[in-house]
Structure formats: C-alpha cells, structure tokens
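As structure tokens, the structure follows; a few thoughts come after it.
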Amino acid sequence: MEPGLRERKKQRTRDALVAAAVDLFQRQGYEHTTVAQIAEAAELSTRTFFLHFPTKEDVLLANTDRRIAAGVQAITTHRANTPLATVLLTAMERMIDDADPSDLTQLRAQLLVRTPALQARLFQRLFSGQTALIDALTTTFDVDRVEAAARVGAMIGAVNAATLASLDQGDPPSRQREAMTRAARLAVTPPA
C-alpha cells in the first residue's frame, strides 16, 4: 500500500534532515555540528528536527526502526512449516535489503569508531532491535527466550562484524551489502 501524503511529506522532511546532517558531518565533523546547524541547512526549524529525531545521534540511525520492523514482519508472517533458521535468514535479508546504500552507512561506521556518544546510542538501538526480533521469534515459534536470543545475537553479531570488516577493507556499499548477506547465511549454516 502506497503511503499517504502526510507520510510522504514526513519522509521527505526526514530525508532532508539526514542529507543535511551527513553533509555537515562530512564537512565539519560530527562533534562540531549542532542540531541548529542541521535544521538550518535543511531549511527547517530546530523544533521540526526534534519532531523527527530525539537526538543528533538518531539522525545517523534514521532507518533503524524501519529495518527492524521489516525483520519482525518477516518473522511474524512466514509460511507455515518454514524452519526457524530460514525465517531468521529471511528476516535479516529483508533488513539488509532495507539498508541505506548511500554515504550514510559509511559515515555512520566511520563515526562509530571514534564517537562514544554515537556508540552508546547505537548500542541502545541494537539492543531494542534485538529484543523486538527475539519477541517475534518466541511469539511465532515454539522456542524459549534463551534460544531465540542466542540465534538473533549470533546473526546480528555476524552481520555487524562482517560489515565492519568490509568497511575496514574500503569496500563500496554494494560489497558491504554482499558481506552482510554472506555473514547472515554463515550464521545459520552449520559448519561442514
């Protein structure tokens, strides 16, 4: 279903804020960029910024909630008798497919390495995302919380580690996406 006019307008506003933030972060650094500067560059008010993002850190994590929702939906709407590992892989692939292939992913990773405030916020978002996926697994499958947590943690850990390795090699976004997908598949494939 196509989003309505209001949702499209909200998304354009969010996109403008993200684009302005990415540009400013790249030009003057994350620490030296203020919310007011981001809003001004996007030709919006600071109040509008805070209607869309609770913190400056959240601009870099703009699509995280949408990606988690895609993963949860893949888990809760799977076909009957589909193995748990297959469903979890499908969920992760949908989340990867929904990843932003732009400069945002590379900039986020570069800033994560050197920005403690951003590391803390990302950890919070990852934890809540993992919890949502764990909840979806335990609700949808006959699996206890420990097993669900282990499976989700292994998958997300593998994808995150592969993403960082790919970034460290200087891979372009398409290769990073391939690394993420490969890691997700390896996480659910038993060793030979």
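FYI, it's all coordinate maths here, none of it is from the lab. For clarity, every value in this text was computed on a predicted model and none was experimentally measured. As a convention, Cβ positions derive from the backbone with ideal geometry for all residues, glycine included, and neighbour counts pool all protein chains shown.
Points to keep in mind about this one:
- Loop-located GluC sites (Glu not before Pro) in segment 1-43, at most 13 other Cβ atoms within 10 Å (DSSP): 31, 43
- Within the chain, the whole DSSP H helices whose Cα atoms reach 24 Å or more along their own axis and whose mean Kyte-Doolittle score is at least 0.5 are 145-168.
- When segment 1-55 is reduced to its Cα atoms, the Kirkwood hydrodynamic radius in Å: 11.6
- Highest average packing first - 33-39, 110-116, 129-135, Cβ atoms within 10 Å: 129-135, 33-39, 110-116
- For the chain, the square roots of the Cα gyration tensor eigenvalues, ordered a ≥ b ≥ c, give a/c of at least 1.5 with a/b greater than b/c, which places it in the prolate category.
- Extension reserve of the residue 175-residue 147 stretch, reckoned as 0.36 nm per residue once the Cα distance is removed: 7.0 nm
- Dividing the summed -39500 (n - 2.57) terms of all DSSP H runs of n ≥ 4 by the residue count of the chain sets its mean residue ellipticity at 222 nm at -25000 deg cm²/dmol.
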